[in-house]
Every structure is written in C-alpha cells, then in structure tokens.
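One structure below.
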Amino acid sequence: MFTGHVTPWFKLPLKSLRVVPLLAPLAVTLLSTPAAADGATQQKIQPALLSEMQAHPLEQIPVIVEMNPATAPFSSGSNLTLANQAVSILNLNGHSFGALSIIQGAAGVATSAGITAMSLLPQVATIEEDAVVRPARPANPGPAYPAGQLTSLYPQETNATKVWQAGGTGRGVTVAVLDSGVANDADLTRNGNRVLAHVDFADAPNPQLPDPGGHGTHIAGTIAGDGSNSAGQFIGMAPKANVIDVQVLDAKGNGRISSVLRGMEWALAHQQQYNIRVMNMSFGAPPLVSYKFDPFAAAAEIAWKRGVVVVAASGNTGPNSGTVASPGIDPYIITVGSTDDQATLPLNDDMLAWFSSWGTAQDSVAKPDLLAPGRKVVSILVPGSTLDTLMPDHEVVALNGWKYFRLTGTSMSTAVVSGAAALLLEHQSSLTPDQVKKILVSTTQSYGSGTMAPGSGAGLLDANAAWASPIRGSTNVGLRQADALARTLYSIVYGQPLAWKNLTYLGTNWSGFTWLNLPWNDAAWDNIAWDNIAWDNIAWDNIAWDQTSWDNIAWDNIAWDSAGWDNIAWDSYSYD
C-alpha cells in the first residue's frame, strides 16, 4: 500500500506571509501601481470575485489563476509549463499554494490590487474565486420516522443484493474517494486491505487519524464496506471494490476548489497504477458561473474524457429548483440526488428527499441524472472523529454490538451510485464513462405511488438492471466543453478534424478557421462539434499530472469565509 502526503503549510495569518517566488520570475512587465481595470480586464475576473474584491479590498482573497493555451509547436507537458508560469505570476502578486496542471493554472491568495495586476497580463485567461467546497446543511428536518424504524436498506432497494447473488462484488475496480479522508477500518481492510493509498491535500497528515472528519470513511463504507465488523449486517454496494483515499476536506469539513482540483490531478496521475475507474465527490460548491467557465466542472470533464466515471452530489439545498452544486452542474458527469425511503423496503412510499437539489443550471441540462437512497444511511463510524464528537446520537449499534454511524444527504446517495458503477465496471470492464452513464440512467426504477416528482432525473438506481444491460451509446451527445478543458487539452486535440455545427453561426463564415487560427471566444467553443474529437486516440501522455508541490492550506485563517462540521446537520434531528 502506498501512503503519500504533502508538505504542510505553517498556519500563519495570511497577511503575515512573506512572498517567496517558487520559480524564476517570468519575463513580463507588472504594474507597480495597477491601473484601473478596463472592461476587457474585468471580464477576466469572474463577477463573484469582483464582489469579494470590493468588499475586502485589503484582504488576501483565495483565487485560481488560469492561463491562456499554449501555442504550436507544442512540447510535452505544456499544461504544466503554463501552470508553473501561473505560480510565478501569483508569487509576484500575492502568494501561491501551488500549480494546478489539470487546468494549467495555480491557486493562492492575493489582494484586490494584486488580482487587478494579474488580470492585465495577456497570458492570463481568467481569475476566479477559489470557492469553499463542503457538504451543505439540509434546510429543515423533514418528516419523522415512526419510533424504532432505523434501517439501511439501500443495497436491497437498488437491487445490489441481486448482483451479489450473481457473483458481482466490484473486485478489481478502484474508486477514488475525494473527501475528508478514509480510515483503515476492518470493513475495508480485514479481508485484504482494499484502501490502496492515502494522500492528503487539506490537513497536516496524521497517520493515526487519516479521517479526522469522519465523513469520507462513511462514504467509502457505503461504496465498498464488506460488513466485517457487523457480521454482514451493514454492507456497502461493491464489497470487494478498492478505495483510494484522497483527502481534500479538512477535519472541519472545509476545502477549496483548488484542493479538490489538486486531488483530482493526483488521481489521474495514478489512474493506471491503481485502476481508478470511478471518482466519488460527495460535496459541492455553489455555482458562481456557468459550467462553461467553472474550473471545477472543467476538471471533472477532463477526468471524464480521461476514462474516469465522475459521480457528484447534486447538493442538499432543495426542495426548490435551481439549487444544484458544482461540479454537479456539469452536463457530462453523473449527478446524484436522493430519495427518502421512509425506512421501508417497498418503493411505493418513497419520495424525493426534501433536501435533494435539482434544476437546470445556466447553459447545462436538467440535474440530477438519477436518484439513490439518501436518508439515514448506515456505514462506518470513525470513533473520535469530528462528526462522531458532534453527533454521538447518530451512532448505530449492529446486532453483534459493533458501532456504526448514520448520515443523511446526497453525499450518501452519491456513494451508492459510485458503488453501482464499480459493480458494472467489474462485469463490463471495457465500458467508457459515457456508456456507464447511459446504462445507469436507462435502467432506473420508478418509485412512489404515481408520477415521479420534478427533480427525480431518470428515476431510482437499479444496480442489477444496469449490471447485465446490453445498452450502449451516450447520453452526452452534442454538448459543449468547458473553457478550461479546451485550453488545457488544446495541445493534444490540435490537428484532429475540426468540424463546425453551423458554418454560418452568428453570421460568421467558419469554413476558413483551423486549429491554428481558432478564435478563443464563446462563439467558437459553442460551434465546435466536440463529438467529432476522437478522445480515445489523443496523446494523453503529453499532459503532465501531479508533478508539482502543494502546500496544505490553513482555511481557518481566512476568517471572512469560515465554517465547520458543526454548521452541517447530517439529519441531526433525532426521531428514533
């Protein structure tokens, strides 16, 4: 088993940090007193960040800087070269935490003046707020269960038990769990250690407590726990699947988009080594822009194109429409909402969970794609973790006396679908992410007593129907790529046949444009027939992953945007 960690960043107040360039400065001219940003410059700075700059002009604001694409002729690893340039630019105007080669950018902090100065540089494509990533609190407690009704029926309700009877267990398939960490619990290690690696991009590493929050281990157990501690009472969806622990949330449940992006690129760097086929993200960030301009969504698309099934939570801010979190807003990936099963096995009394987010985000498609049970899901307990300390009443005692833990949310439903994807990929290993999504959304079950509620997507997951399905094809036809994906992968799709959806789109004659003179604007990206790109044949080896250092980020020092697990009520209202 590989255990990795990154160098911790000393938890000094951000204002007291002395900026030390990590690389030699670029040969660029920076304004000592930045001029007022003109309209074009302001367009580089995303609106939410502009608001933060106005509200906190002297504060060190967390930002992500993305670079414009490389130009031909290309060298291998041009995305990393540009990411390192972004590091240097940030260090000259603030403080960089490290490169983000997955979007050829970098993360760090800068004041309003520093952000304005960076936006004036022609090589900078865009600057956005490095938004907070965390699970969200359900808006209200929801309906009560009758006393004594506490079960965890999701394997039966989704027909995973039928897959087990047919011999499916998820063996050999690895799921990267991006979360608060994964403890080496017996349900994941006793019958052969299936936690293949630990890596940390959020907290100072602590081998004695690899999941200080407790959330990530609960997710991992829902995906792949084998029930060793409970004598088979509480078993995850794919009880022989492997897990990679990629910690991107700290002990209080806080992270940033940048810490998640860093974890994603680490997973892609080790994709072949560990046979990572699924990436589980049971959290989200409020979408600040269209998915087309969202670095979180772009990174999820890159992982998807690289052959990893990305499964993300829709969010816990329902029941109103228009509440889906990022990266769940991205049209390519699998976004999961929740049902409330009423603690009964029959599906006819199930309902769309009151907290389950849904809707159609700007420029995207209707989300979630499908649902899975998400109410009072029982999985592995991490004794002494933050969640256990805050909510001891959520401990569940198995029949043999072993303690587990119950949580509620689309986070749990996301893990159920990731486990189903692992079962499917064990049985049909050649499936692409597009095919996995097509199968999962085409084989769902109905639930409730009548017409499914808006926000149900295709319906309730049916793992057994998906497992043996001969369905092929894609649900992702005619979609537009995110900008950061186009910029990052430009060097490896360059030269492929370039087709247009409409040769006279917006009154422009597109027939004369090639990859060499392609305009970098919304009209071009909207008009490219992205389905014509042979993604399976591109030279992925020319993209550099995980070749940079990364500082753990002391989120607690960013006082104007802090939160913790104690602000998240994981079904914390006690009814049983």
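The values are calculated or read from the model by the stated rules, or taken from the named source; none is laboratory data. Just so we're clear, the structure is a prediction, and the values are computed from it rather than from any experiment. All Cβ positions, glycine included, derive from the backbone under ideal geometry; neighbour counts span all protein chains shown.
Read through the list (1) over 15 Å from Gly227 (Cβ atoms); (2) surrounded by fewer than 21 Cβ atoms within 10 Å (Cβ to Cβ), then give the number of the only condition that Arg406 fails.
Checking Arg406 against (1) over 15 Å from Gly227 (Cβ atoms); (2) surrounded by fewer than 21 Cβ atoms within 10 Å (Cβ to Cβ), the one that fails is (2).
Out of Leu188, Leu209, Leu196, which single residue is of a type in the set (A, V, I, L, M, F, W, C) and either over 30 Å from Asp462 (Cβ atoms) or free of Cβ contacts under 8 Å to residues at least 60 places away in the same chain (or both)?
Leu209
Taking the stretch 426-455 as the search range and keeping residues that are over 22 Å from the mean Cα position of the chain (by Cα) and outside any loop (DSSP other than H, G, I, E, B), which one is surrounded by the fewest Cβ atoms within 10 Å (Cβ to Cβ)?
Ser442
Give me the pairs, please: first residue somewhere in the stretch 218-236 and acidic (Asp, Glu), second residue anywhere and buried (at least 24 other Cβ atoms within 10 Å of the Cβ) and part of a helix (DSSP H, G or I), beta-carbon distance under 8 Å, and either six or more positions apart or on two chains.
Hits for this filter: Asp226/Asp187; Asp226/Leu188.
How about the stretch 264-306: which of its residues are outside any loop (DSSP other than H, G, I, E, B), out of contact with any helix residue (DSSP H, G or I) (no Cβ under 8 Å at 6 or more places or on another chain) and of a type in the set (S, T, N, Q)?
Once the filter is applied, which keeps residues that are outside any loop (DSSP other than H, G, I, E, B), out of contact with any helix residue (DSSP H, G or I) (no Cβ under 8 Å at 6 or more places or on another chain) and of a type in the set (S, T, N, Q), the stretch 264-306 yields Gln271, Gln272, Gln273.
List the number of the failed condition for Val311; all other conditions in (1) surrounded by fewer than 19 Cβ atoms within 10 Å (Cβ to Cβ); (2) of a type outside the set (Asp, Glu); (3) at negative phi hold.
(1)
Just to be sure I understand the filter: pairs with C-beta atoms under 6 Å, separated by 6 or more residues or on different chains, first member in the stretch 264-285 and without any contact (Cβ under 8 Å) to a residue 12 or more places away in the chain, second member of a type in the set (Phe, Trp, Tyr) and assigned to a strand (DSSP E or B). Which pairs pass?
none
Give the number of residues within the stretch 48-73 that are surrounded by 16 or more Cβ atoms within 10 Å (Cβ to Cβ), outside any strand (DSSP E or B) and not aliphatic (A, V, I, L, M).
Residues in the stretch 48-73 being surrounded by 16 or more Cβ atoms within 10 Å (Cβ to Cβ), outside any strand (DSSP E or B) and not aliphatic (A, V, I, L, M): 5 in total.
Identify the single condition in (1) assigned by TED's automatic domain parsing to the domain that holds Ala421; (2) part of a loop (DSSP other than H, G, I, E, B) that Ala465 does not satisfy, given that it satisfies every other one.
Going through (1) assigned by TED's automatic domain parsing to the domain that holds Ala421; (2) part of a loop (DSSP other than H, G, I, E, B) one by one, Ala465 breaks only (2).
Out of Ala299, Ala267, Ala285, I need the residue that is surrounded by 23 or more Cβ atoms within 10 Å (Cβ to Cβ), under 29 Å from Ala125 (Cα atoms) and modelled with pLDDT under 90. Which one?
When all the criteria are applied, what remains is Ala285.
Yes or no: the stretch 195-206 includes at least one residue that is touching a strand residue (DSSP E or B) at 6+ places or on another chain (Cβ under 8 Å) and among the small types (Gly, Ala, Ser).
yes
Got a sec? Which strands (runs of 3 or more DSSP E) wholly within the stretch 321-399 have at least 2 residues that are farther than 28 Å from Gly232 by Cα, among the β-branched types (Val, Ile, Thr) and assigned by TED's automatic domain parsing to the domain that holds Lys305?
Of the strands (runs of 3 or more DSSP E) lying wholly inside the stretch 321-399, those with at least 2 residues that are farther than 28 Å from Gly232 by Cα, among the β-branched types (Val, Ile, Thr) and assigned by TED's automatic domain parsing to the domain that holds Lys305 span 334-340.
Considering (1) within 30 Å of Asp522 (Cα to Cα); (2) at pLDDT below 95, say which one Pro331 fails and leave the rest.
(2)
Specify the residue that is modelled with the lowest pLDDT; the eligible residues are those in the stretch 184-208 that are touching a Gly at 6+ places or on another chain (Cβ under 8 Å) and among the aliphatic types (A, V, I, L, M).
Ala202
Would you be able to say whether some residue in the stretch 513-520 is in a helix (DSSP H, G or I) and modelled with pLDDT under 90?
no
Within the stretch 149-177, take every residue that is of a type in the set (S, T, N, Q) and under 17 Å from Thr408 (Cβ atoms) and give me the one that is modelled with the highest pLDDT.
So, considering only residues that are of a type in the set (S, T, N, Q) and under 17 Å from Thr408 (Cβ atoms), the one modelled with the highest pLDDT is Thr158.
Looking at the stretch 110-134 only, could you name the residues that are farther than 30 Å from Met412 by Cβ, outside any helix (DSSP H, G or I) and not polar (S, T, N, Q)?
Residues satisfying the conditions are Ala110, Leu120, Leu121, Pro122, Val124, Ala125, Ile127.
For residues in the stretch 335-363 being over 16 Å from Ala285 (Cα atoms) and touching a helix residue (DSSP H, G or I) at 6+ places or on another chain (Cβ under 7 Å), which is surrounded by the fewest Cβ atoms within 10 Å (Cβ to Cβ)?
Leu345
Just to be sure before I move on: is Leu381 crowded, with 24+ Cβ neighbours inside 10 Å and aliphatic (A, V, I, L, M) in the structure I sent?
In short, yes.
Among the residues of the stretch 413-421, is there at least one that is more than 18 Å from Val177 (Cα to Cα) and either surrounded by fewer than 24 Cβ atoms within 10 Å (Cβ to Cβ) or in the same structural domain as Val311 (by TED's automatic domain parsing) (or both)?
No, because not a single residue in the stretch 413-421 is more than 18 Å from Val177 (Cα to Cα) and either surrounded by fewer than 24 Cβ atoms within 10 Å (Cβ to Cβ) or in the same structural domain as Val311 (by TED's automatic domain parsing) (or both).
Of the residues that sit in the stretch 522-576 and are among the acidic types (Asp, Glu) and not in a loop (DSSP other than H, G, I, E, B), which one is modelled with the lowest pLDDT?
Here the answer is Asp561.
Do we find a residue being on the phi > 0 side of the Ramachandran plot, exposed (fewer than 15 other Cβ atoms within 10 Å of the Cβ), not polar (S, T, N, Q) and not assigned by TED's automatic domain parsing to the domain that holds Gln104 anywhere in the stretch 497-509?
yes
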